[in-house]
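Engineer: This is the structure I want to talk about, given as structure tokens.
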There are 2 protein chains.
Amino acid sequence: MTQPEKQPRAENAITYETSGVDTQQAETAISAITKAVRQTFDFAAPGGRPVLDLGYFANVLDLDGSLGLAISTDSAGTKVLIAQRVGRYDTIGIDCVAMNVNDLLCVGARPTSLVDYVAVEQLDNGIMQQIIQGLHEAARQSHISIPGGEIAQMADCIRGEAPGSGMDLVGTAVGLVALDQIIVGDGINEGDVLIGMSSSGLHSNGYTLARKVFFDHLGWEVDREVSELGETLGEALLRPTRIYVDPVLEMLKSDVSIKSLAHITGDGLLNLLRTRQKVGFQVHTLPKPPAIFSVLQRGGGISDAEMYRVFNMGIGFCVLVAPEGVDSILATAEEHGVDSWVLGHATLAEEHVGHVQLLPLGLSGDGSSGTFSPE
Amino acid sequence: MTQPEKQPRAENAITYETSGVDTQQAETAISAITKAVRQTFDFAAPGGRPVLDLGYFANVLDLDGSLGLAISTDSAGTKVLIAQRVGRYDTIGIDCVAMNVNDLLCVGARPTSLVDYVAVEQLDNGIMQQIIQGLHEAARQSHISIPGGEIAQMADCIRGEAPGSGMDLVGTAVGLVALDQIIVGDGINEGDVLIGMSSSGLHSNGYTLARKVFFDHLGWEVDREVSELGETLGEALLRPTRIYVDPVLEMLKSDVSIKSLAHITGDGLLNLLRTRQKVGFQVHTLPKPPAIFSVLQRGGGISDAEMYRVFNMGIGFCVLVAPEGVDSILATAEEHGVDSWVLGHATLAEEHVGHVQLLPLGLSGDGSSGTFSPE
């Protein structure tokens, strides 16, 4: 697949497409199947009617006319391959839970439970117990139960870094939200303030590109001590996804008018554009990303545009609030030990709607193409 | 792993263990992790407290003191490899949905929704649309919505029959049940009657063994016409898992006193022993299994004990009722075009508790070892 290249890029630069995840191809398939999936909304027995459209961070089922059940499914992705390289599996369960509960928060829901599905190439009791240890720790941090799960041994369907080591770690989380309190990005006013909360590192996105750069391109090993990181490459790459349940639930309980909440995953800050109301964002401040991002960017000769498209770049979760709520949100984040920043503001100006401008970098992200390019 | 062999077995006979799914090893891991997972029950925020223990067909979350949310997760398993061999993907989604909604029915819940997670080695739009077609059809049959899903491209984690063809198809279903109407196998009396409903074939269990027999041992191709089957091998193996939602919901609505419901998956009729109340079962009638089972058994030189441990053997779902309810249950199954049989009865006799006796075969299944052996 070729994409218009508006920005000169280093020869041999590595992009997400060349590293094996074809997001444009994915978009095409998603759009084609969306129609069929949306038809199932009409099949639902009482209690199963979705109140949101497809494509938001989570959907919400109308349980009884007043209570909503938020639901989301996601996996730890190819980060499991890092766990396999390092030989350490006690944090990957945190990633699996975090990816799901952070999504639930975005509709204003309080996560309550998660079921896990672990597909393995071969069953290893020790590894499985480490995985459960991570799920357990994340359940504790997220105040959720794990009411059940499934371990599937599928040697012919799963593979990994070494023969027998393959796995896929999937979770589905549910939570509760009053139907009249669902947050979906409505009622946004010009000048509403965008606040970003710090990520712990790569979280669980962009690992296909990161692995390509570090392992294939640079030929580094996970036990390499990288002075800029202050830890080994494996430790930096394995750092678990931050769980935002505690600070965000406190924000939701406050009297701050929260307009939207966004879990920053693949597509980076373009996730902000999922709001039901069509808006744009002008970002005037970007925090300095953790060192892993600069090491990766330099190592792969990757453009800023590509980095901000694929990675969270230090911002794991965003909150959009009316200006009078800013101090409260920043204080709540700080109370929970999470760095946070005023990144910019929402705009309703027609020429900016559907775009995320990263002013310090001179880049504009386009929600429809899913790319950043120079302004 | 070796197991005590009480029954002479053909030389080179293929069992589930030698075919790559080590259920005993799986049991050990499951028991070790059960403790950690059960601890998360105490982490749950209000609405997330599981009311059942781990290991039943589905768990139920106490949403508000009166309404329960049933939840279950499972995949189509290695049946996806059959779809790959045949090159037909429009039914595998039915298997994914069926495995989950049939589990929800077992606690007396009405399924409402399912989220799907499709991990692929490479994204193929045509294949993806076929998969969604199956999910769509199963959602229609099950009266559920699909409020969302995830497509994960993970070339280095997933593999299949041919390079690029790999996939894993996972679902998580939720449903509703009043907390005071959960069915979990309590109040069973001596002589309660066990009714079996017909399966459509292998459903979604035992494919690791079936593939070993047909492809590795016999060297058959999926397009082989097998006269005994009246269709090709691929067609027989791909036959989608029966969805029992309509007949079972009607049984639940009737005034019949249903004691337990069991989705017959891996472990066959031993699934009956999951009841909370400890009971035994005496099966005096076994239906003639569909031809695919006899072709498979003969082809692999597999014992009856092994066949009844790994496969549903023609019985996909069981209902345990008080004797006066039998006629109603049989009639409801028939109205929905599902063959059904009185298989036997429950017993509380101490020497039989924890066992499923298959009297026509002289076999007794032991819930703790998970095996059948001659009496």
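Throughout, read-outs are computed from the coordinates displayed, never taken from laboratory work. Values in this document were obtained by computation on a predicted structure and should not be read as measured data. Cβ placement follows ideal geometry from the backbone for every residue including glycine, while neighbour counts extend to all protein chains displayed.
Engineer: Could you rank the peptides B:188-200, B:30-42 by their average count of other C-beta atoms within 10 Å per residue, with the highest value first?
Structural biologist: B:188-200, B:30-42
Engineer: Where the centroid of each part is defined by its Cα atoms, how far is region A:305-375 from region B:281-347 in Å?
Structural biologist: Rounded to whole Å, the Cα centres lie 59 Å apart.
Engineer: What relative contact order, as a whole-number percentage, does region A:193-374 give when Cα pairs under 8 Å and 6 or more residues apart are counted?
Structural biologist: 36
Engineer: Could you list A:Ser165, A:Ser72, A:Ser145 so that the one with the fewest beta carbons within 10 Å of its beta carbon is first and the one with the most is last?
Structural biologist: Exposure proxy ranking, most exposed first: A:Ser165, A:Ser145, A:Ser72.
Engineer: While we're here: Taking every pair of Cα atoms in region B:193-374, average 1/r, invert it to obtain the Kirkwood radius, and report Rg/Rh to two decimals.
Structural biologist: Rounded to two decimals, Rg over Rh is 0.98.
Engineer: Let me ask something else about it. Can you tell me the order of B:328-339, B:107-118 when each peptide is scored by its average per-residue count of other Cβ atoms within 10 angstrom, highest first?
Structural biologist: Output ranking for B:328-339, B:107-118: B:107-118, B:328-339.
Engineer: Something else now. Considering Cα pairs under 8 angstrom that are at least six residues apart, work out the relative contact order of chain B and quote it in whole percent.
Structural biologist: 20
Engineer: How far is A:Gly126 from itself in the other copies, in nm, if each label sits 7 Å out from Cα along the Cα-Cβ line, shortest first?
Structural biologist: For A:Gly126, the inter-copy label distances come out at 4.6 nm.
Engineer: Counting other Cβ atoms within 10 Å, keep those with at most 15, restrict to DSSP loop, and tell me which GluC sites (Glu not before Pro) in region A:220-307 are left.
Structural biologist: Filter output for region A:220-307: A:Glu221, A:Glu228.
Engineer: Hey, could you grab the Kirkwood Rh for region B:278-372? Inverse mean 1/r over distinct alpha carbon pairs, Å, one decimal.
Structural biologist: Computed over region B:278-372, the radius equals 14.6 Å.
Engineer: Full extension from A:Asn125 to A:Gln277: what is 0.36 nm times the residue separation minus their Cα-Cα distance, to one decimal in nm?
Structural biologist: Stretched fully, the A:Asn125-A:Gln277 segment lengthens by 49.9 nm.
Engineer: Compute the Cα gyration tensor for region A:44-181, then decide on rounded, prolate or oblate, letting a ≥ b ≥ c be the square roots of its eigenvalues: rounded whenever a/c is under 1.5, prolate when a/b is larger than b/c in the other cases, and oblate in all that remain.
Structural biologist: Prolate.
Engineer: Let me check the size of region B:231-285 from its C-alpha atoms; what are the radius of gyration and Dmax in Å?
Structural biologist: Cα radius of gyration and Dmax of region B:231-285 are 15.1, 43 Å respectively.
Engineer: On to the next question. Rg/Rh for the protein assembly as shown: what does it come to with C-alpha atoms and Rh from Kirkwood?
Structural biologist: On the Cα set of the protein assembly as shown, Rg over Rh gives 0.98.
Engineer: Looking only at other chains, what is the average number of their beta-carbon atoms within 10 angstrom of each beta-carbon in A:126-137?
Structural biologist: 3
Engineer: Which whole number gives the average count of other chain Cβ atoms within 10 Å of the Cβ atoms across peptide A:77-87?
Structural biologist: 2
Engineer: Quick one: with label points 7 Å out along Cα→Cβ, list the inter-copy distances for A:Ser328 in nm, shortest first?
Structural biologist: With the label placed 7 Å along Cα→Cβ, A:Ser328 yields 5.4 nm.
Engineer: At 0.36 nm per residue, and after removing the present C-alpha to C-alpha distance, how many nm does the segment from B:Ala162 to B:Arg140 gain when stretched out fully?
Structural biologist: Length gained, B:Ala162 through B:Arg140: 4.8 nm.
Engineer: How many Cβ atoms of partner chains, on average, are near each residue of A:34-42 if near means within 10 Å of its Cβ?
Structural biologist: Average per residue, whole number: 6.
Engineer: May I ask for the distance between the Cα centers of region B:40-94 and region A:250-268, given as a whole number of Å?
Structural biologist: 28
Engineer: Which order, highest average first, do B:169-177, B:83-91 follow once you tally other Cβ atoms within 10 Å for each residue and take the mean per peptide?
Structural biologist: Answer by packing, highest mean first, reads B:169-177, B:83-91.
Engineer: For a Förster distance of 22 Å, can you work out the FRET efficiency between the beta-carbons of A:Asp339 and A:Ser257, rounded to the nearest 0.05?
Structural biologist: It comes to 0.45.
Engineer: Further, regarding this structure: Give the share of C-alpha pairs in each 20 angstrom bin for chain B, from 0 to the last occupied bin, in whole percents, shortest bins first.
Structural biologist: 28, 61, 11
Engineer: Two-decimal Rg/Rh of region A:219-316 from alpha-carbon positions, Kirkwood Rh?
Structural biologist: 1.03
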